[in-house]
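Working notes for the structure below.
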Amino acid sequence: MEHGERNVLGGVLEECGSDPMTGFYRDGCCTSGPEDRGSHTICAVMTAEFLEHQRAVGNDLSTPRPEWHFPGLRPGDRWCVVAARWLQAQRDGVSAPVVLSATHERALDVVPLQLLQAYAADVPDDPSSLL
């Protein structure tokens, strides 16, 4: 990746999703910078429960918003979510699976690595690292 940014595992940050195009900068990656005050750093796989929870707490990710070039998300979509929003959902029992290789290291400022690993959707070559 051209940004040279790192994921939570210390490797090169991988793409989260391009259909729909995600990321604070809409580059397909959970890249983060000073403009990203919300820390859109966790690459999450949307579930119906997570989407409903987000709508209930005032973060509607399902409704299309053409004026923001936002198609609305469906279960199965991969999306860079705000770390604090993911943590709130996790505490409420509806966290979405996390793609660790595409989750920006800045997420660790909000969510401990062990918690992210507990919801990992990707399994590394050496699964013992998840223990």
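Whether any residue in the range 55-63 is touching a residue at least 60 places away in the same chain (Cβ under 8 Å) and either β-branched (Val, Ile, Thr) or touching a Pro at 6+ places or on another chain (Cβ under 6 Å) (or both) is what I want to check.
Looking through the range 55-63, none of the residues is touching a residue at least 60 places away in the same chain (Cβ under 8 Å) and either β-branched (Val, Ile, Thr) or touching a Pro at 6+ places or on another chain (Cβ under 6 Å) (or both).
Condition first: among the acidic types (Asp, Glu), in a loop (DSSP other than H, G, I, E, B) and closer than 21 Å to Ala96 by Cα. Can you find one or more residues in the range 37-58 that meet it?
The answer is no, given that none of the residues of the range 37-58 is among the acidic types (Asp, Glu), in a loop (DSSP other than H, G, I, E, B) and closer than 21 Å to Ala96 by Cα.
Can you find a residue that is over 18 Å from Ala121 (Cβ atoms), among the hydrophobic types (A, V, I, L, M, F, W, C), modelled with pLDDT of 95 or more and exposed (fewer than 15 other Cβ atoms within 10 Å of the Cβ) anywhere in the range 99-110?
So far as the range 99-110 goes, no, none of its residues is over 18 Å from Ala121 (Cβ atoms), among the hydrophobic types (A, V, I, L, M, F, W, C), modelled with pLDDT of 95 or more and exposed (fewer than 15 other Cβ atoms within 10 Å of the Cβ).
Rundown of residues vs (1) polar (S, T, N, Q); (2) crowded, with 18+ Cβ neighbours inside 10 Å; (3) under 14 Å from Glu49 (Cβ atoms); (4) in contact with a strand residue (DSSP E or B) (Cβ under 6 Å, 6 or more places away or on another chain), yes/no style:
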position: Pro71; (1), (2), (3), (4): no, no, no, no
position: Cys80; (1), (2), (3), (4): no, yes, no, yes
position: Ser95; (1), (2), (3), (4): yes, yes, yes, no
position: Leu115; (1), (2), (3), (4): no, no, no, no
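Restricting the range 28-49 to residues that are touching a residue at least 24 places away in the same chain (Cβ under 8 Å) and out of contact with any strand residue (DSSP E or B) (no Cβ under 7 Å at 6 or more places or on another chain), which is surrounded by the most Cβ atoms within 10 Å (Cβ to Cβ)?
Cys29
Within the range 16-25, is there a residue that is under 13 Å from Arg85 (Cβ atoms), surrounded by fewer than 20 Cβ atoms within 10 Å (Cβ to Cβ) and without any contact (Cβ under 8 Å) to a residue 12 or more places away in the chain?
no
Consider Glu67 against the criteria (1) assigned to a loop (DSSP other than H, G, I, E, B); (2) among the acidic types (Asp, Glu); (3) modelled with pLDDT under 95: it satisfies all of them except one. Which criterion is unmet?
All conditions are met except number (1).
If I go through the range 86-125 residue by residue, how many of them are of a type in the set (S, T, N, Q), in a helix (DSSP H, G or I) and in contact (Cβ under 8 Å) with a residue 40 or more places away in the chain?
Of the residues in that region, 1 qualify.
The values are calculated or read from the model by the stated rules, or taken from the named source; none is laboratory data. What you see is a predicted model, and the numbers here were worked out from it, not measured in a lab. Cβ: placed from backbone, ideal geometry, glycine included. Neighbour counts: every protein chain shown.
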